[in-house]
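Read the structure below first, then the notes.
The values are calculated or read from the model by the stated rules, or taken from the named source; none is laboratory data. In this text, all values refer to a predicted model and were calculated from it rather than measured experimentally. So basically every Cβ, Gly included, is an ideal-geometry build from the backbone, and we count neighbours across all protein chains shown.
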Amino acid sequence: MLAHVAGPGVTLDVPFRGQRDYVHSTDLYASLEKLAERNRVSKSSQAYVKRLTLRKKAHRQVSAYFLPHSDAFGTFSLSMAGQKVEGWLVETCVPITRQVAFDESGIALKAVVEPGRAFLREAVKGFSSFEQAIVLLKVLCAQHDIGPWLFTNIALDRPLVEDALLGVSRMQTVLDRLIDARLFQNGQESGRLQMVLARTR
C-alpha cells in the first residue's frame with residue numbers, strides 16, 4: 001500500500017488561493033484526498049484523509065513523504081481500507097505559479113451562528129465539504145476574536161461526505177489562542193477541528 005511512493009516525495013502541485021501568498025489548508029487537503037483515491041486498494045474500499053496537522057505556513061510547492069522528514073511543516077494520515085498510512089509535508093524550493101479565485105463569503109453568509117456553534121441548514125453548492133467546514137470554523141472562532149485565525153488540525157472519525165449538512169461546536173479554548181471544536185455531518189459527530197490565533201506582533 002503506497003509502496004511505490006514510500007521513497008522520494010510526491011509533489012502535490014498546490015496553488016495560491018485568493019490573495020494569499022501561502023498554501024491554504026483546503027488545497028493541501030484536496031491534494032491528499034486525490035492521492036488517497038489514486039492509491040485506493042479497490043473501488044469498494046474507503047480511502048480518505050483521516051488527519052491533517054499544520055505547524056506553520058508554506059510559501060512554495062509541497063511534497064508528501066511517507067517516511068519521517070526532519071523539514072516537515074505538517075503531518076497527515078490517510079485511511080486506506082481501514083489501515084492508517086502516516087505522512088509528512090515538506091516545503092520544496094519550487095515556486096508556486098498558479099493562483100485560483102476563492103470567495104468564501106458565500107459559505108459565511110449562509111452560516112447559522114449561535115453562541116458556541118455555527119452550522120449550515122443546506123450544503124453550499126460549488127464548495128467542498130472541507131471548504132465549508134473550514135469557513136464554519138472561522139465563523140466560530142470569530143465569536144472569540146476577529147482574527148486572523150489559521151487552521152492547525154483536523155482529525156476525522158469518518159470520511160467527509162459531499163453535500164452533507166455541516167456544523168461545528170466549540171469544545172474548549174486553550175491559552176486564549178486555540179479553538180478546539182467538534183465537527184458534525186448531518187447531525188452526527190464526525191471529528192475535531194482546531195484553529196489558532198496568529199500572533200500579529
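Annotations
- Screening Lys56 on (1) under 20 Å from Trp149 (Cα atoms); (2) outside any helix (DSSP H, G or I); (3) in contact (Cβ under 8 Å) with a residue 24 or more places away in the chain; (4) not assigned by TED's automatic domain parsing to the domain that holds Gln143 shows it passes everything except condition (3).
- Residues of the range 119-147 satisfying the condition of being touching a residue at least 60 places away in the same chain (Cβ under 8 Å) and closer than 21 Å to Leu54 by Cα: Ser128, Phe130, Glu131, Ala133, Ile134
- One residue alone among Gly187, Gly116, Gly167, Gly191 is at positive phi and under 17 Å from the mean Cα position of the chain (by Cα), and that residue is Gly191.
- So Arg98, is it over 30 Å from Tyr65 (Cα atoms) and among the charged types (D, E, K, R): no
- Which listed residue, of Glu162, Glu114, is modelled with pLDDT under 95, not β-branched (Val, Ile, Thr) and not assigned by TED's automatic domain parsing to the domain that holds Leu54: Glu162
- Listed conditions (1) within 20 Å of Met195 (Cα to Cα); (2) free of Cβ contacts under 8 Å to residues at least 24 places away in the same chain are all met by Val49, apart from (2).
- Filtered residues of the range 22-73 (kept if among the polar types (S, T, N, Q), surrounded by 19 or more Cβ atoms within 10 Å (Cβ to Cβ) and under 16 Å from Leu156 (Cβ atoms)): Ser25, Thr26
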